[in-house]
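Structure first, then comments.
The values are calculated or read from the model by the stated rules, or taken from the named source; none is laboratory data. Small disclaimer: the values here were computed from a predicted structure and weren't measured. Quick reminder, even Gly has a Cβ in these numbers, built from the backbone with ideal geometry, and neighbours come from all protein chains shown. Just the protein is used for accessible areas: all its heavy atoms, side chains included, with ligands, DNA and RNA removed. Shrake-Rupley method; radii C 1.70, N 1.55, O 1.52, S 1.80 Å.
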Amino acid sequence: QVQPVESGGGLVQAGGSLRLSCAASGDVFSINTMGWYRRAPGNQRELIASISRGGSSNYAADSLKGRFTISRDNTKNTVYLQIDSLKPEDTAVYYCAGDRACYDFRWCTPDQWGQGTQVTVSS
């Protein structure tokens, strides 16, 4: 079992930036791929991006690549999500997830989830 723990959320003005962190504890060597999702009020959870242990990243949509950047530091068992040029529609709970067998979260759903961190963007 791995427990991802998110941090770095908060209230930010539109146009600002945030870097979310997700530290994994437990049997971290069992985890290959980690990723970020978000759930906005009234919406379904959506994938942002995932990244393998080797650093190969995949984004759910090309439109996300410009403002969202996923990265990973295996020495710290931590994955990051940099969000730039924040917009009010980015307001959501952001979740970190990990999986041993799923290489790319566009094609399968991870089974280890964090509790989420709230990001609120004011206009």
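Put a dot 7 Å past the Cα of SER7, heading toward its Cβ, do the same for THR75, and the two dots end up 1.8 nm apart.
Rolling a 1.4 Å probe over the protein heavy atoms gives the chain an accessible area of 51 Å² per residue.
Largest GNM mean-square fluctuation across LYS76, LYS65, LYS87, computed for the chain with C-alpha springs under 10 Å, falls on LYS76. Between ALA14 and GLN115, what FRET efficiency follows from the Cβ-Cβ distance if R0 is 30 Å, with the result rounded to 0.05? My answer for the efficiency is 0.70. Roughly how many whole Å is it from the C-alpha centroid of segment 80-108 to that of segment 52-73? If we compute the Cα centre of each part, the gap is 9 Å.
Measuring how big segment 23-99 is from its alpha-carbon positions, Rg and Dmax come out at 12.6, 37 Å.
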